Each structure stands twice: as structure tokens, then as C-alpha cells.
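See below for the structure under consideration.
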Amino acid sequence: MLIEHVPRNRTEAYHQLQSNIRKTYSGIFQGKRVVENRVSAHAARLVANCIIAYNSMILD
């Protein structure tokens, strides 16, 4: 049962990181049109993935 919780916890942590990025850069990652909001969502994902990659390189 512990094995099932690890991926779920990682996913929740990833989404929390994205949420914190969006809150921090609310003026930048915000658009008026659907296309702008999609670009903003991709940008927040990119920043989150860069943070995770940087942290994993440091820990290696």
C-alpha cells in the first residue's frame, strides 16, 4: 500500500509546485484569452520541470 502512495504524493507535490509558481507570478502567468492561458499553463509547467530537474542534478 505504501508503494501506491509514493507516485500519488509526487503528483500532488508537482501540482502544489505548479500552483505556487502560478501564485507567485500571477501577473505574468495570466491571460485574457484561452490561448494565452494555455501558454501560461505550459510556462508554469516548464518552470516546475526546470526546478525539479535542477534539484535532481544537485542531489545526484
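The values are calculated or read from the model by the stated rules, or taken from the named source; none is laboratory data. Small disclaimer: the values here were computed from a predicted structure and weren't measured. Virtual Cβ from ideal backbone geometry, glycine too; neighbours counted across all protein chains shown. SASA here: full protein model, heavy atoms, side chains in, ligands and nucleic acids out. Shrake-Rupley method; radii C 1.70, N 1.55, O 1.52, S 1.80 Å.
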With every protein chain in place, region 9-60: carbon and sulfur % of accessible area (1.4 Å): 58 percent
Estimated [θ] at 222 nm from DSSP helical runs (n ≥ 4, -39500 (n - 2.57)) normalised by residues in the chain, nearest 500: -29000 deg cm²/dmol
Radius of gyration, Dmax [the chain; alpha carbons; angstrom]: 13.9, 43
Nearest-ten-degree value, helix 2-24 long axis tilted from longest Cα axis of the chain: 30 degrees
Cut-off 14 Å, label 7 Å out along Cα→Cβ of residue 12, residues of region 27-59 by amide N: none
Listed residues 26, 40, 19 arranged by accessible area, highest first, probe 1.4 Å: 26, 19, 40
Accessible area (Å², 1.4 Å probe, nearest 10) - residue 14: 50 Å²
Exposed-loop-free span, longest in the chain, where trypsin sites (Lys or Arg not before Pro) count as exposed if DSSP calls them loop and at most 13 other C-beta atoms lie within 10 Å: 1-31
Where 59, 46, 17 fall by accessible area, highest first, once all protein chains stay in place (1.4 Å): 59, 46, 17
Net charge dipole size for the chain [Lys, Arg +1 and Asp, Glu -1 on Cβ; Debye, nearest 20]: 360 debye
Nearest 10 degrees, 0 to 90: helix 34-59 Cα axis against the chain principal axis: 30 degrees
Percentage relative contact order, the chain, counting C-alpha pairs under 8 Å, at least six apart: 29 percent
